[in-house]
There are 2 protein chains.
Amino acid sequence: MADSKIFLSESEMPQAWYNIQPDLPAPLMPPLNPATGEPLVPEDLLPLFPMSLIEQEMGMERWVDIPDEVLRIYKLWRPSPLHRAFALEEELGTPARIYYKNESVSPAGSHKPNTAVAQAYYNKQDGVTRIATETGAGQWGSALALACSLFDIECQVYMVRISYDQKPYRRLMMETWGAQCLPSPSNQTEAGRRILARDPDSPGSLGLAISEAVEDAASREDTKYSLGSVLNHVLMHQTITGLEIKKQLAIAGDKLDVLCGCVGGGSNFAGFCFPFVKDKLDGQDIRFVGAEPRACPKLTRAQYRYDFGDNAQLTPLLKMHTLGHSFIPPPIHAGGLRYHGDAPLLSLLVDQKLVEARAYYQNEVFEAAVTFARTEGHLPAPETAHAIKCGIDEALRCKETGKEECIVIGYSGHGHFDLASYDAYLRGQLEDVDLPQETIDEAMKDVPDITWPR
Amino acid sequence: MADSKIFLSESEMPQAWYNIQPDLPAPLMPPLNPATGEPLVPEDLLPLFPMSLIEQEMGMERWVDIPDEVLRIYKLWRPSPLHRAFALEEELGTPARIYYKNESVSPAGSHKPNTAVAQAYYNKQDGVTRIATETGAGQWGSALALACSLFDIECQVYMVRISYDQKPYRRLMMETWGAQCLPSPSNQTEAGRRILARDPDSPGSLGLAISEAVEDAASREDTKYSLGSVLNHVLMHQTITGLEIKKQLAIAGDKLDVLCGCVGGGSNFAGFCFPFVKDKLDGQDIRFVGAEPRACPKLTRAQYRYDFGDNAQLTPLLKMHTLGHSFIPPPIHAGGLRYHGDAPLLSLLVDQKLVEARAYYQNEVFEAAVTFARTEGHLPAPETAHAIKCGIDEALRCKETGKEECIVIGYSGHGHFDLASYDAYLRGQLEDVDLPQETIDEAMKDVPDITWPR
């Protein structure tokens, strides 16, 4: 019988990240400076990022060596296992072979540290002693707190107030790793004070937390800003996961047919699938399926055009699938999938029909999560459960057609801090929301009318 | 450079548990029937356990084959990694080589499923369709819920009421795996109803929860009882961890000098060290150090004599280190180390001076945990942090003496559900308790005066 888990030795761990930019099937539209309407130049980003990361953001080298120090830290948990989900296959009665790549084994419990560690390293090299960032429910904030702790960098996290109050565990994790975590709006920034003056009890929002972190970084000599998804260099750091899958499938003597991942800002999904895109372009029959919530259907129902990355219109304009930067999705439990836009690199692949997308209701997603937990044992995060639902659907399709396909699920994180949402599901308290077209149309009115090249 | 993690392939996973009973350096005193004062016979245990487990409890076979079905489930997460703690070594500046065996990778987050899965299997083989157990903070209950889910057995958990109310996450985990979890005292049992009649708001206790689970199992034809520590067969199932360590150290080309583990009921520590005991008896220079809280010092300050396993005096009498079955330790955060007694097999080794013991205050334990989290990344459970404190102390001793020893820490579980205790530590709110001798003397007055053989 084949192994239930395929491990790589540390010497087999990939030594370079894969940059998809030179291999794109169509030109990537540049980010635009909102003030000038012209493409960004590297210097525009210097108040926020060290030059090394800006170079990665715009770089055209196919392979970027992973620094030794980053490899050393990756090895605290990497290479991560690729599991063969025998029990799930049996439960479904499918002829498909189902694998899942387990990124939940990182200390922060998700794929996020893959880029957090890299970003902390390059900041440290650049002499940066303090990094500011925002976090919603806390996945990204805790990953950056971990990374900063390992590089002895001060970490300032602006955490959306309502999560800060309602979900203390992620905050406590950040503090255990030595980060300073403030509820946003805070009185540390102009942006925060302005809101507090109007509404001292404001619950905050991710858009506002971004504004606070950006202002913090831009106004202090010792501080840079860090983002956990969307940007090109973030997606590149995540390719370590897909590169490992490639080696692990080779060890298993298998070949990818379908890859299922969940899509928030896109870095998790991109990490899994980018290393296989060239194979598909070269003619291999591979499908990539991105799973998103019906409550935030940026890949299945949104337009592909220039928009801001944040509600406050502070970021550069990015060409991406967007529901509009003022769009506020219904409060579903998969907080990490509630972003209004999607990474420009991933959006381009969706636009080019290289990546498929599918949207799910909450209840069917949790049903899949519980099926998984009761067969494979592990408890997935609600975000990850979207990928699992997608993988189960693909396996059931194989059952119908009798096809013995190889399905890989991106298991992006565990659900240890999301058990309240399981509770809501088991008690029948989860709502399935269908987003009216008018809601989307309304938010799209705020999107600036820009075409590039002009 | 040596690897940061030593993996075993699944084909290298041990195929048999190690039963230490034939290799003991002194005779193990039998459990006594409290009614007759005579040694238990297998039939005494039949209302509670299937005969296969009773045979393991009393067995003298050195090796017991692990059933294929149990191996198959172990492989959902086993073999678990042995990490080399390079970053911690560097932080301490020690010449010692520090390893830690990572049992936190199981779906329930600790070593507990190693025996839960085995027990569920043997019950299933015996036609049992329902298992009852008790749980304090929920580690054991969630492990058994997982195991029962995988074998399609009904699982009834009596959870101490105060934990049920204050720590909902472990309960939600159990329910996600399909277990029924009731706050104890409950109105399901005579024992529970008796307490509720006197005090409807009773916070419950582990002793009472045991009584409820035992009564439930004994009074229903379809139901057996399951215990998560203390008993011989439970300790035997845990030896999978030490057997793996043995192979992993051989792969690393290293040889054990000191093994540090935390001690609650003793199954975690026994699992790590029993496979090395024969080597020590054969003359190898190995030290085993059990770490316990000063608030519950059963190995460092208690007597070795016959006592009940539970407050309610329902269990057989066991010869063990005991603080008295009516002893109630101060409310420290390492809930899993608050048991008044210790496994008879481990107690015997302590009595024979084969195992050392050391007691720690809470604050020094959490200080060690934070040092670990900020170097190795992973966040240990408060129980596990006792083992880490012990390992750090041993490494600092090596630093003083210049000895390049090989230290292995038993990393029994993660602290994802214990972050509130980290918070209390970081805010300086943890109390260090020294137990007055009178408190121990007082509890010991309730211990029956029994010597065996008479």
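The values are calculated or read from the model by the stated rules, or taken from the named source; none is laboratory data. The shown structure was predicted, so the numbers you read here are calculated from the model rather than taken from an experiment. Cβ coordinates were reconstructed from backbone atoms using ideal geometry, including for glycine residues, and neighbour counts include every protein chain displayed. The accessibility values were calculated without ligands, DNA or RNA, using every heavy atom of the protein model including side chains. Shrake-Rupley method; radii C 1.70, N 1.55, O 1.52, S 1.80 Å.
Looking for something among the charged types (D, E, K, R), surrounded by 24 or more Cβ atoms within 10 Å (Cβ to Cβ), within 16 Å of the chain's Cα centre (by Cα) and outside any loop (DSSP other than H, G, I, E, B) - is there at least one such residue anywhere in the range B:361-384? Lay out the reasoning, then the answer.
Restricting attention to the range B:361-384, the residues satisfying the condition of being among the charged types (D, E, K, R) are B:364, B:367, B:374, B:376, B:383.
If we keep only those that are surrounded by 24 or more Cβ atoms within 10 Å (Cβ to Cβ) as well, we get B:376, B:383.
Still in the list and also within 16 Å of the chain's Cα centre (by Cα): B:383.
Within this subset, residues satisfying the condition of being outside any loop (DSSP other than H, G, I, E, B) are B:383.
Taking every residue of the range B:361-384 in turn, at least one turns out to be among the charged types (D, E, K, R), surrounded by 24 or more Cβ atoms within 10 Å (Cβ to Cβ), within 16 Å of the chain's Cα centre (by Cα) and outside any loop (DSSP other than H, G, I, E, B).
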Subject >> Which listed residue, of B:THR439, B:THR451, is polar (S, T, N, Q), more than 14 Å from chain A (Cβ to nearest Cβ) and part of a helix (DSSP H, G or I) >> reply: B:THR439
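Only one of B:PRO380, B:PRO344, B:PRO329 is at pLDDT below 95 and not hydrophobic (A, V, I, L, M, F, W, C). Can you tell me which?
Working: B:PRO380 fails: at pLDDT below 95; B:PRO344 fails: at pLDDT below 95.
After ruling out the rest, the residue left standing is B:PRO329.
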Original post:
With A:LEU150, A:LEU46 as the choices, which residue is open to solvent by 30 Å² or more (accessible area, probe 1.4 Å) and free of Cβ contacts under 8 Å to residues at least 40 places away in the same chain?
Top reply: A:LEU46
Subject >> Selection within the range A:345-360 - crowded, with 20+ Cβ neighbours inside 10 Å and more than 19 Å from A:PRO293 (Cα to Cα) >> reply: A:LEU345, A:LEU348, A:LEU349
Original post:
Hey, B:SER9 hits all of (1) under 25 Å from B:CYS406 (Cα atoms); (2) modelled with pLDDT of 95 or more; (3) open to solvent by less than 60 Å² (accessible area, probe 1.4 Å) but one; which does it fall short on?
Top reply: (2)
Subject >> Positions within the range A:308-331 being open to solvent by less than 20 Å² (accessible area, probe 1.4 Å) and in a loop (DSSP other than H, G, I, E, B), in sequence order >> reply: A:GLY309, A:ASP310, A:LEU323, A:GLY324, A:HIS325, A:PHE327, A:PRO329
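Would you mind stating whether A:PRO34 is open to solvent by 20 Å² or more (accessible area, probe 1.4 Å), in a loop (DSSP other than H, G, I, E, B) and either within 14 Å of chain B (Cβ to nearest Cβ) or modelled with pLDDT under 95 (or both)? Before the answer, list the steps.
Details: open to solvent by 20 Å² or more (accessible area, probe 1.4 Å): yes; in a loop (DSSP other than H, G, I, E, B): yes; either within 14 Å of chain B (Cβ to nearest Cβ) or modelled with pLDDT under 95 (or both): yes.
So A:PRO34 fits the description; yes.
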**OP:** Report yes if some residue within the range B:383-393 is touching an Asp or Glu at 6+ places or on another chain (Cβ under 8 Å) and either touching a residue at least 12 places away in the same chain (Cβ under 8 Å) or more than 10 Å from chain A (Cβ to nearest Cβ) (or both); otherwise report no.
**Re:** yes
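Across the range A:67-87, which residue is nearest to the other protein chains (Cβ to nearest Cβ) among those that are part of a loop (DSSP other than H, G, I, E, B) and surrounded by fewer than 20 Cβ atoms within 10 Å (Cβ to Cβ)?
My answer is A:LYS75.
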**OP:** Count, please, the residues in the range A:410-419 that happen to be farther than 7 Å from A:ALA381 by Cβ, facing chain B (nearest Cβ under 10 Å) and in contact (Cβ under 8 Å) with a residue 60 or more places away in the chain.
**Re:** 2
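Here is a check on your reading of the model: is B:ARG397 within 14 Å of another protein chain (Cβ to nearest Cβ) and without any contact (Cβ under 8 Å) to a residue 12 or more places away in the chain? If you could, list the steps in order and put the result at the bottom.
Details: within 14 Å of another protein chain (Cβ to nearest Cβ): no; without any contact (Cβ under 8 Å) to a residue 12 or more places away in the chain: yes.
Spelling it out, it is not the case that B:ARG397 is within 14 Å of another protein chain (Cβ to nearest Cβ) and without any contact (Cβ under 8 Å) to a residue 12 or more places away in the chain.
For A:HIS325, state whether it is within 30 Å of A:THR36 (Cβ to Cβ) and touching a Phe, Trp or Tyr at 6+ places or on another chain (Cβ under 8 Å). First the steps, then the outcome.
Details: within 30 Å of A:THR36 (Cβ to Cβ): yes; touching a Phe, Trp or Tyr at 6+ places or on another chain (Cβ under 8 Å): yes.
For A:HIS325, the condition - within 30 Å of A:THR36 (Cβ to Cβ) and touching a Phe, Trp or Tyr at 6+ places or on another chain (Cβ under 8 Å) - is met.
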Original post:
Among (1) of a type outside the set (A, V, I, L, M, F, W, C); (2) more than 9 Å from chain A (Cβ to nearest Cβ); (3) not in a strand (DSSP E or B), where does B:TYR99 come up short?
Top reply: (3)
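Just checking, how many residues over the range A:339-382 are charged (D, E, K, R) and either without any contact (Cβ under 8 Å) to a residue 24 or more places away in the chain or within 24 Å of B:ALA143 (Cα to Cα) (or both)? Even if it seems obvious, please write down each step before you answer.
Residues of the range A:339-382 that are charged (D, E, K, R), as a first pass: A:342, A:351, A:353, A:356, A:358, A:364, A:367, A:374, A:376.
Okay, now just the ones that are also either without any contact (Cβ under 8 Å) to a residue 24 or more places away in the chain or within 24 Å of B:ALA143 (Cα to Cα) (or both), so A:353, A:367, A:374, A:376.
The number of residues fulfilling the criteria is 4.
Has the range A:269-279 got any residue that is of a type in the set (Asp, Glu), open to solvent by 10 Å² or more (accessible area, probe 1.4 Å), in a helix (DSSP H, G or I) and free of Cβ contacts under 8 Å to residues at least 24 places away in the same chain? It would help to see each step written out before you state the result.
Keep residues of the range A:269-279 that are of a type in the set (Asp, Glu), which gives A:279.
Pick out the ones that are also open to solvent by 10 Å² or more (accessible area, probe 1.4 Å) and you get A:279.
Still in the list and also in a helix (DSSP H, G or I): A:279.
From the residues that got through so far, the ones that are free of Cβ contacts under 8 Å to residues at least 24 places away in the same chain too are A:279.
Yes, because at least one residue in the range A:269-279 is of a type in the set (Asp, Glu), open to solvent by 10 Å² or more (accessible area, probe 1.4 Å), in a helix (DSSP H, G or I) and free of Cβ contacts under 8 Å to residues at least 24 places away in the same chain.
Residue-wise test of (1) touching a residue at least 12 places away in the same chain (Cβ under 8 Å); (2) out of contact with any helix residue (DSSP H, G or I) (no Cβ under 9 Å at 6 or more places or on another chain); (3) surrounded by fewer than 23 Cβ atoms within 10 Å (Cβ to Cβ).
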residue	(1), (2), (3)
B:ALA213	yes, yes, no
B:ALA217	yes, yes, yes
B:ARG220	yes, yes, yes
B:SER226	yes, no, no
B:THR241	yes, no, no
B:LEU249	yes, yes, yes
B:LEU259	yes, no, no
Original post:
Just one of the numbered conditions (1) assigned to a helix (DSSP H, G or I); (2) modelled with pLDDT of 95 or more; (3) open to solvent by 10 Å² or more (accessible area, probe 1.4 Å) is not true of A:GLY336; which one?
Top reply: (2)
Original post:
Are any residues in the range B:153-206 in contact with a strand residue (DSSP E or B) (Cβ under 7 Å, 6 or more places away or on another chain), open to solvent by 60 Å² or more (accessible area, probe 1.4 Å) and either within 14 Å of chain A (Cβ to nearest Cβ) or among the aliphatic types (A, V, I, L, M) (or both), and if so, which ones?
Top reply: B:GLU154, B:GLN180, B:LEU206
Original post:
Taking the stated definitions as given, is B:LEU426 within 14 Å of chain A (Cβ to nearest Cβ) and surrounded by 17 or more Cβ atoms within 10 Å (Cβ to Cβ)?
Top reply: no
Subject >> Residue within the range B:127-145 that is surrounded by fewer than 22 Cβ atoms within 10 Å (Cβ to Cβ), of a type outside the set (Asp, Glu) and touching an Asp or Glu at 6+ places or on another chain (Cβ under 6 Å) present >> reply: yes
